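A quick write-up on the structure given underneath.
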Amino acid sequence: MSVIGARERRVEDRPLLIGAGVFVADLNRADQIHMRVVRSPLAFGRLLEIDIEDAAAQPGVVAIWTAADLGDLGPIDFRMTRIEGMEPYRQWCLARDYVRYVGDPVAVVFAETAQRAEDAAELVFCDIDEQDPHLDARAEPVAFAPDVSPELMSEPAVLQKAVGDVDAAFGQAAHEVAIEVRVGRHTGVPLETRGALAVPGEGGTVTMYGAAKVPHYNRGQIARMLGLPLDAVQLSEGHVGGGFGIRGELYPEDVLVCRAALAFGRPVKWIEDRREHLIAANHSRDQAYRLRAAVDPEGRVLGLDAQFFTDQGAYVRTHGATVSDLSAALLPGPYLIPAYRVRGHVRLTNKTPAGTYRAPGRYESTFARERLMDAIAARLGLDRAEVRQRNLVPESQMPFRRGLDALGTDVVYDSGRFHDLLERLCAHVSWDDLQERLAGRRKAGERVGVGLGYFVEKSGLGPDDLVRISVLPENGIRIVTGAASIGQGIETAMAQICADTLGTGLNGIDVVHGQTALIEKGMGAFATRATVMTGSATKMAADALIERALDVAATLLQAERASLSYADGTVHHAASERTLTLSEIAAAWDGGLGAEATFVSDHMTYPYGIHLAQVRVDPATCGVEIERFVVAYDIGRAVNPTLVEGQIVGAAAQGIGGALYEEFVYDEAGQPLAASFADYLMPTAQEVPAIETIVREDAPSPINPLGVKGAGEAGINAVGAAIASAVDDALERPGLVRQLPVTPQRLHAWLQE
Amino acid sequence: MSDRHDITLRVNGATHHVNVEPRYSLADTLRDACGLTGTHLGCEHGVCGACTVLIDGRATRSCLVFAVQVEGSEIETVEGLAEPDGTLHPLQQAFWEHHGLQCGFCTPGFLMLALGALRENPDMDDEELRDLIASNLCRCTGYQNILTAVRAAADMMRAKAQPAPNP
């Protein structure tokens with residue numbers, strides 16, 4: 001039986017269930033000291049002086065650093081989507097000249113205990129000449145650091161992409177439909193805050209525990225920033241309490257703990273508290289869109305003219321222009337839209353810097369595009385499913401070349417049956433009957449409605465992934481990969497792919513990840529890449545292992561290679577009826593049995609799906625209750641359907657948070673008003689309905705050996721779009737919802753218009 | 001802040017003599033002084049529930065309790081849930097069977113929350129369970145599989161507690 005596709009229980013669960021997980025805060029080393037970050041209390045101002053005298057005199061304080069103590073330590077560089085001219089907007093490890101957001105690190109205190117460090121940090125006094133903060137990314141850009149570089153404005157980049165003749169499309173159009181919409185500022189908020197433990201080793205080396213997401217990349221950056229050879233820095237990943245895009249990027253604190261461990265010759269531990277996390281770790285979303293569509297008499301979009309603004313916060317962090325790039329490239333989504341032009345403004349404000357969050361640039365652009373499709377449907381009097389059906393890319397045009405690039409790769413939808421999935425979803429919910437039933441309930445006085453959002457995801461970002469598989473003589477298989485685990489179940493998925501190829505069971509397959517000391521390269525886990533990239537490399541390495549086993553067995557058995565066959569973990573020599581298991585071969589052969597493979601991919605793979613929301617609005621409170629939520633998604637091939645569904649349902653819950661509850665609000669002075677879980681409202685089991693999933697395997701990917709596409713971001717992509725559509729429908733006011741989250745206050749205000 | 005206290009804590013049936021400042025939370029003390037790091041801190045302000053433990057049988061946020069307050073109480077943490085031979089508790093087994101965890105950071109809190117509640121009322125209906133599970137935050141699962149797991153565990157625990165029906 002195929003192990004791929006089986007609903008195996010996860011191999012990684014046992015330690016997590018019995019309290020034996022090893023998260024970074026669980027690690028301690030003898031003689032360790034603790035770091036506490038002193039953060040700016042103001043949103044914007046000239047940093048005049050930092051008085052550390054009282055703090056330094058506190059018992060247990062080892063040292064206090066400000067920017068002046070960091071010598072020539074450079075800023076944090078871009079990991080992705082570097083655009084010429086963005087370099088001056090990078091963040092220093094500790095603020096110099098200016099503080100640019102509440103939470104900007106200005107000093108670090110090192111002390112014998114975490115409590116002492118925190119006590120002393122409260123005594124560090126920052127003399128800041130406060131200036132008016134810039135808080136609206138849509139407003140005219142202002143000077144980034146007025147006294148230091150007056151010419152540097154708060155617009156680091158403008159992205160432009162275009163395909164087809166947009167002006168001609170508007171010339172031919174029967175209708176012109178325009179909307180302006182916004183997505184609020186929210187982010188991943190993993191349950192485990194960030195943290196790190198840097199341990200100095202022999203000869204000026206350092207190992208940092210608490211790595212996540214991209215350990216190999218971060219290792220290289222830390223080594224470069226500290227002026228160390230690569231071999232002097234190792235990163236080690238333990239259990240990681242959720243990623244979602246924000247965790248594991250290189251932050252100032254990672255560099256500072258490593259530098260301090262080397263400077264003091266003692267282990268240095270830093271664990272972030274929740275308030276810090278909410279003001280210091282990457283925010284995301286926060287985009288405003290202006291869309292204008294040229295539409296033919298049947299509702300087909302001939303051209304799309306788009307402009308958007310991304311509020312990137314105070315600095316440009318590791319993601320560079322990634323969010324804006326993905327927004328611009330994937331805004332047209334599943335629709336043909338032959339002519340398209342977009343200008344994406346990357347703007348800075350005095351808020352926490354922003355990066356990626358699960359489905360970056362797609363949650364936002366899907367919301368905007370699907371609001372537009374609803375607006376077109378309303379203008380032309382078309383059914384909302386019908387207008388989408390008329391615009392979808394037909395199967396006959398697959399692979400579909402958009403004529404744009406995303407993350408430096410051409411956007412080519414590798415496979416897809418877009419119409420088929422829409423038909424299946426409509427059949428599943430009986431779309432026409434459902435609308436009728438809801439209309440009946442509305443007539444009876446209820447405010448109920450249904451909405452749709454269609455999306456194209458992307459997954460499997462290259463360029464490559466290396467996997468090594470070795471067979472242990474004592475009967476086990478070890479997979480070593482440079483991928484990372486952020487709780488998504490990568491060990492189980494890789495073990496299943498390996499077991500499927502080798503014809504063995506899952507037992508005894510050990511998956512090692514996130515250890516820079518054990519494998520020289522690795523891309524980590526982001527952009528829903530692991531199952532596609534690492535999974536394909538695992539498949540290829542397992543295939544190579546079988547070939548290697550046959551080679552070695554031929555020598556061991558003194559038989560013709562061609563006379564041997566392999567099945568279920570064993571090499572057979574039919575003529576002599578002799579067999580050798582993989583572990584027997586490994587034990588008998590000097591040097592053991594192992595193989596490796598690298599999977600290379602120039603193109604991402606593009607899964608797709610539809611979200612459907614049915615909501616009820618309470619007219620008294622303007623609260624929105626989700627009665628039903630369906631996700632239809634074509635994943636190409638599911639390695640483990642239970643894990644795929646788990647990813648979809650979990651992501652949908654996060655999407656509901658961003659659609660209805662979660663928002664980083666700032667006051668006029670730039671003070672964050674959502675810096676605790678009492679104010680930043682994440683959904684609980686009461687707010688998340690049972691999510692129905694329809695996982696299809698109708699369009700396997702032709703560009704990897706498994707046919708897989710990723711699962712990580714499918715559940716979140718169109719949640720905002722679908723809920724907005726459903727709220728409009730419930731209130732019989734097309735276009736009412738133009739901003740997320742749809743909070744009761746906002747909905748109440750719209751209803752007064 | 002220099003005054004420290006010698007206190008004795010009873011955790012999972014074992015005795016721990018620890019020396020703490022009065023301001024140390026029970027969570028910090030369990031983790032740092034008792035070495036029981038299965039209790040996790042997700043917010044330290046009593047919202048997320050990752051640090052939930054049982055104090056004299058009642059599910060409690062251990063980040064909102066000082067260690068010096070619970071001398072003489074019986075404390076239970078996730079480390080005490082499985083059998084000494086490693087056999088998983090029905091709640092742990094059900095979380096595994098029903099994919100009730102992803103990153104696993106919030107899991108100990110949910111397990112202890114459910115354990116305390118099911119001991120008090122083994123017959124919780126689905127609505128009561130949802131209400132209970134809404135006490136804690138999970139950022140990975142969307143709660144669906146946690147609800148399924150706790151339902152399954154509750155049924156299993158009730159079946160175990162009752163004598164087999166007469167043939």
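Tabulated data
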| quantity | calculated |
| --- | --- |
| At 0.890 mPa s and 25 °C, Stokes diffusion of region B:5-80 via Kirkwood alpha-carbon radius, µm² per second | 206 µm²/s |
| Radius 15 Å from Cβ of B:Tyr143, net charge of other residues (Lys, Arg +1; Asp, Glu -1) | -4 |
| Gain on full stretching of the segment that runs from A:Leu230 to A:Arg401 - 0.36 nm per residue minus C-alpha separation | 57.6 nm |
| Given charges at beta-carbon only (K, R positive; D, E negative), |dipole| of chain A in Debye | 1160 debye |
| Chains A and B together, accessible area buried on both sides, 1.4 angstrom probe, square angstrom | 4100 Å² |
| Chain B: angle of helix B:144-161 to the longest principal axis, Cα-based, in degrees nearest 10 | 80 degrees |
| Gap separating the Cα centres of region A:55-74 and region A:266-287, nearest whole Å | 20 Å |
| Under 13 Å from A:Lys161, Cα to Cα: aspartates and glutamates that are on another chain or at least 8 residues apart | A:Asp305, A:Asp325, A:Asp405, A:Asp410 |
| Lys, Arg +1 and Asp, Glu -1 on Cβ, resulting dipole of region B:5-80 about Cα centre, debye, nearest 20 | 160 debye |
| Heavy-atom accessible surface of the protein assembly as shown: percent carbon and sulfur, 1.4 Å | 48 percent |
| Efficiency of FRET from Cβ geometry, B:Arg158 and A:Ser563, R₀ 60 Å, rounded to 0.05 | 0.50 |
| Relative contact order for region B:5-80, counting Cα pairs under 8 Å that sit 6 or more residues apart, in percent | 38 percent |
| Mean residue ellipticity (222 nm) of the protein assembly as shown, computed from DSSP H runs ≥ 4 via -39,500 (n - 2.57), nearest 500 | -8500 deg cm²/dmol |
| Within region A:643-686, GluC sites (Glu not before Pro) in DSSP loop having at most 10 other beta-carbon neighbours inside 10 Å | A:Glu668 |
| Phi-based couplings in Hz for region A:40-47 (Karplus 6.51, -1.76, 1.60; Gly and Pro marked x) | 4, x, 10, 7, 7, x, 7, 7 |
| Alpha-carbon centroid distance for the pair region A:94-110 / region A:683-753, whole angstrom | 37 Å |
| C-alpha long axis of helix B:107-120 to longest principal axis of chain B, angle in ° | 70 degrees |
| Directionally averaged shadow of chain B, computed from the convex hull of its alpha-carbon atoms, nm² | 10.8 nm² |
| Distance violations [Cα-Cα > 19 Å] among A:Lys269/A:Lys521; A:Lys458/A:Lys539; A:Lys213/A:Lys521 | A:Lys269/A:Lys521; A:Lys458/A:Lys539 |
| Chain A - Rg and Dmax from Cα coordinates, angstrom | 27.0, 87 |
| DSSP bridge pairs, region A:461-600: antiparallel proportion in percent, nearest 5 | 85 percent |
| DSSP-assigned coil residues among GluC sites (Glu not before Pro) in region A:532-635, each with at most 14 further Cβ atoms within 10 Å | A:Glu560, A:Glu577 |
| Residue among B:Cys103, B:Cys138, B:Cys63 with the largest mean-square fluctuation in a Gaussian network model of chain B, springs linking Cα atoms under 10 Å | B:Cys103 |
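The values are calculated or read from the model by the stated rules, or taken from the named source; none is laboratory data. The shown structure was predicted, so the numbers you read here are calculated from the model rather than taken from an experiment. Neighbour counts run over all protein chains shown; Cβ positions are idealised from the backbone, glycine included. The area values use the complete protein model at the heavy-atom level, side chains included, leaving out ligands, DNA and RNA. Shrake-Rupley method; radii C 1.70, N 1.55, O 1.52, S 1.80 Å.
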